[in-house]
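J.: Below are the structure tokens for one structure; questions will follow.
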């Protein structure tokens, strides 16, 4: 009997070329998962992912699903995969899903976390998981500017790939939290364009450094001109934080 299994995974994306399988390299999260699961279940397994994280980007919670004819116990599958997968990819849970569950098409919103390190002392142990800015940011100013991104808007100016026809997305919330050494930015939206979160973050960083005025953000939305938005923040500070799914029967 065919089963649809839903896996929650976390990974350190430092040494990978992103999540999605690519034709010119096998060094992707999806490729590692498919190879490992296929060998263990002795089936040709194709993995579906909720989000396509870029090279160097991490995930606290990525959701995948795949179809199998195996009757393997779920706990056994989780433990075996964690034994055979590379140590920078971890399966945190395995569960039965409805046969029509599709991790990409059922997801209705996602939250990304971006970590900015603001201490002047470099982060030795966290260096692969934060953007080492090394400067204090005007967080109040960033919070005020973040409101300009909320709602359904054309984010063409905030994507690296300008040829995409549908560039309208909805941002539900941007939460900015400051600690002693970091500024953490949580961005929640229905979906995201290529590099969209990193460009939003880069724009907010420039605002926080008093290198950008609010009206440039407004003009970027009005014109769709990529040159009017901020720099693309580095990948190492970005994490896929959470996925939210619709309930279907």
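J.: Do we find that residue 110 is farther than 23 Å from residue 18 by Cα and in contact with a strand residue (DSSP E or B) (Cβ under 6 Å, 6 or more places away or on another chain) in this structure?
T.: Criteria not met by residue 110.
J.: In segment 1-54, which residues are in a loop (DSSP other than H, G, I, E, B), closer than 15 Å to residue 103 by Cα and touching a residue at least 24 places away in the same chain (Cβ under 8 Å)?
T.: 19, 20, 50, 51, 52, 53
J.: If I go through segment 69-99 residue by residue, how many of them are surrounded by 14 or more Cβ atoms within 10 Å (Cβ to Cβ), part of a loop (DSSP other than H, G, I, E, B) and in contact (Cβ under 8 Å) with a residue 60 or more places away in the chain?
T.: 2
J.: Among the candidates 55, 59, single out the residue that is in contact with a helix residue (DSSP H, G or I) (Cβ under 9 Å, 6 or more places away or on another chain) and modelled with pLDDT of 95 or more.
T.: 59
J.: What do you reckon, is residue 205 in contact (Cβ under 8 Å) with a residue 24 or more places away in the chain, farther than 30 Å from residue 102 by Cβ and either part of a helix (DSSP H, G or I) or out of contact with any strand residue (DSSP E or B) (no Cβ under 7 Å at 6 or more places or on another chain) (or both)?
T.: So residue 205 fits the description; yes.
The values are calculated or read from the model by the stated rules, or taken from the named source; none is laboratory data. Just so we're clear, the structure is a prediction, and the values are computed from it rather than from any experiment. Neighbour counts run over all protein chains shown; Cβ positions are idealised from the backbone, glycine included.
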